[in-house]
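> This is the structure I want to talk about, given as structure tokens.
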Amino acid sequence: MFLRLTFSRSSATALGMDAHTLRTLEFDKVTRMLSRYALTAEGKRQAESLCPFMQEEEIRRLIAETSEMRRAMDEGLRLPLRDVEDVRAEIERAAAGGGPLGCPELLAIASTLRAGEATAGALLNLSQDFPYLRVLGQSLPAFRTLRVSIEEAIDRGGFVADTATPRLSRLRKDIARVRANINQRLASYLNSAEVRKYVQFPNVTFMRGRSVIPVISTFKGLIDGIVHGTSDSGATAYMEPSWIVPLGNELSSAMSAEAEEIRKVLWKLTHEVGESGAGILHSLDVLSDIDMAYAKARMSDAFRMSAPTICPGTVLRLRGVRHPLLLALSDEAPTGEKDGVKAPDADRFEKVVPIDIHVGDDFRILLITGPNTGGKTVALKTVGLACLMAWAGMHVCASGTCEIPLYQGIYADIGDEQSIEQSLSTFSSHISRIIEILRTASRNTFVLLDELGAGTDPAEGAALGLSILEEIRSRETAAIVTTHLGDLKLYAGSHSGAQNASVDFDLVSLKPTYRLSIGEPGNSNALQIASRLGMPDEIIRIATEFAEGGKSDLARHVEEIQRARLELEERREKVEWLEQEAQRSKEEYREKLDRLKGQERKGAADVAMQTRESLVKLIELTDERYEELRSSHKKAADALKKTRDGLRSFLKKMDGVLDGRLPKREIKAGDEVYIPKIRKWGEVAAVDRLRNRYEVKVGNLDMTFEAADVTLWEDEKAKRRET
């Protein structure tokens, strides 16, 4: 049994999830993207305010809801959430008895209730393979009686219907009768020769609830009546003749009664809404949760995401993970639109290079090095966002398996976060942030540090960076750290629990490849880049000498490892290509061989079937001759009997060989059959049991055969298909 628990968003937020980390990793941009996939106003608000959760069971439930919703969408599920309107204020007003709701407000409530019913029905119609979605459907209360009351009382035009109450129906009939009487008598009055010369135009006008005629102002004293108003120019006076006033009063009285009856109808419906207010508000909360799961699934589909696994312990493994904000960029490639929301196209996925990364198993500190703009910071943010998205119940932008632990906190220091309020320098700002992180860093936290040791003297920065790394290592904190300082690159090689990684750089195109390689440090490639950009050779030569002179033997060894790795990588790619070609050739050969074997089987079957048919006919002929000779030529009959018995024995052996290929069952559509009389094979298209016939497709021809002319045949390939 699945239970749905409700957590307040504030208490569900991870304790170690400070605002700085969320802002640094740009989680707010991801939630804004998610909000564009929501269909309701509350769903959009909930998406934009989404925070990672701390409760493991809550996270698992949310991920499961997202996964089930995406799977249901693949099977054709569509939810009418666009019809859910933001009616919380109206519900609260009705519950408080602050006044009757208007027709548009009541219709909005009815529309929302109908959408809730349809959504519940759609989720409950899912199979038992969708337990979490079915629980969501069961959580939606039904308000059919209230909805029907509103829809029957208010028409589609947004007015209280004549049939809302019997009294309202009678009043409106009276109003129509009196108004018709007034208009008819006034029209006749206007058309009389005596009055026509005093009026501006011969039309009855309605003003302030009274039927009036347009009299020329200079003649109004000649008409016995009441002036209810004048035109803007003052040339026309709108008068109600005295003789029509009693009918006008009757009409006003009926219209006042109508307004009062309408108010009663609206009050009654408002009271009914107020009585169900708590349930409707709960329904809106559930619909908002459903919209969130729907939005997450729609975004998962658009961004080709996969469901992460929340695993125990502190080991993080991500395969084929991409940065969602890079996928969302649309300035370099055209985009397709899905339900009005732009989604990345195939070109976009090709341009954003996926990375594989892990930390917390053989090592707890991963030190990423490489050139500036090489993708180190992107890798750091990609990992951090994957964790935040998973903890928020979202899928992650990954093509492979993602195992994400539930750390007690994640802390990041990325980019230039200079504090204006404290007037600190960039270096001081980073150090202040790192001090905050070290106050709470433990074995169950995850730390992301960008460009450790930068912003000050390289030697002092490296020394401080080494001390910080050692402190993190002593606390067994999982951490990913980027740097371009040469001394820090050697840390992982001389300390257990730490590992190097590098981002590669193409020196020909002067562009980063964004590929992450775990196991060796990277180079800044500053001299190579400067040379490619046109720096004079003499300057490059002198700089190289200075650099070589300052390198330690270990640093040179690291460079040799890097070159060897790149060579091995090229060879590996060539080997993979050759393996793929070999596999393709192998499959092509196997396909051709199977086709040839199939032809051989058909040929052998053809001979066997023809031979068997000939044997059966020969045995029948010997039986006839035996009966003819048995009484008159006993000796010849005995010899013929021996021949017949031999033929029968041979036929029995042949049937033994063909056993299994001639199954004893009814022929059905799709069976492969042999037609001896034309020595052809075909496939049964239709079976006519009544006439005992079969329609068989022989090559490109559709032919009809008697049942006796068709033989069922099953070769080994067909038998394998059956099993």
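> Mind listing the Cα extents of the range 164-254 along all three principal axes, in Å, largest one first?
So the three principal-axis extents are 47, 27, 18 Å.
> Within 10 Å, Cβ to Cβ, of ARG693, how many net charges do the neighbouring residues add up to if Lys/Arg are +1 and Asp/Glu are -1? Please report the intermediate quantities before stating the final value.
On the way: positive: ARG689, ARG691; negative: ASP688, GLU695, GLU706, ASP709.
Around ARG693, the surrounding residues sum to -2.
> Search the structure for amide H atoms under 5 Å from the amide H of VAL199, placed 1.01 Å from N in the peptide plane, and list their residues when 5 or more places away or on another chain.
Counting only residues 5 or more places away or on other chains, the set is ILE216.
> With Rg and the Kirkwood Rh both taken from Cα atoms, where does Rg over Rh land for the range 105-177?
Taking Rg over the Kirkwood Rh, I get 1.24.
> Too long at a 29 Å Cα-Cα cut-off: which of LYS173/LYS197; LYS173/LYS220; LYS173/LYS264; LYS642/LYS668; LYS173/LYS268; LYS268/LYS296?
Working: LYS173/LYS197 35 Å; LYS173/LYS220 33 Å; LYS173/LYS264 18 Å; LYS642/LYS668 40 Å; LYS173/LYS268 23 Å; LYS268/LYS296 40 Å.
Those over the limit are LYS173/LYS197; LYS173/LYS220; LYS642/LYS668; LYS268/LYS296.
> Something else: List the extent of the Cα atoms of the range 16-93 along each of their three principal axes, largest first, rounded to whole Å.
Here the Cα extents, ordered largest to smallest, are 38, 37, 23 Å.
> Taking neighbour counts of Cβ atoms within 10 Å as a proxy for exposure, in what order, fewest first, do ASP688, ASP291 appear?
ASP688, ASP291
> Going through the range 226-279, which GluC sites (Glu not before Pro) have at most 11 other Cβ atoms within 10 Å and a DSSP loop state? Could you put the intermediate results ahead of the total?
On the way: sites: GLU250, GLU258, GLU260, GLU261, GLU272, GLU275; in loops: none.
Sparse-neighbourhood loop GluC sites (Glu not before Pro): none present.
> Can you check what the net charge comes to around ASP457, using other residues whose Cβ is under 15 Å from the Cβ of ASP457 (Lys, Arg +1; Asp, Glu -1)?
-3
Read the figures in this text as sums done on the coordinates, not as results from a lab. This structure is a prediction, so every number in the text was calculated from the model and none was measured. Cβ coordinates were reconstructed from backbone atoms using ideal geometry, including for glycine residues, and neighbour counts include every protein chain displayed.
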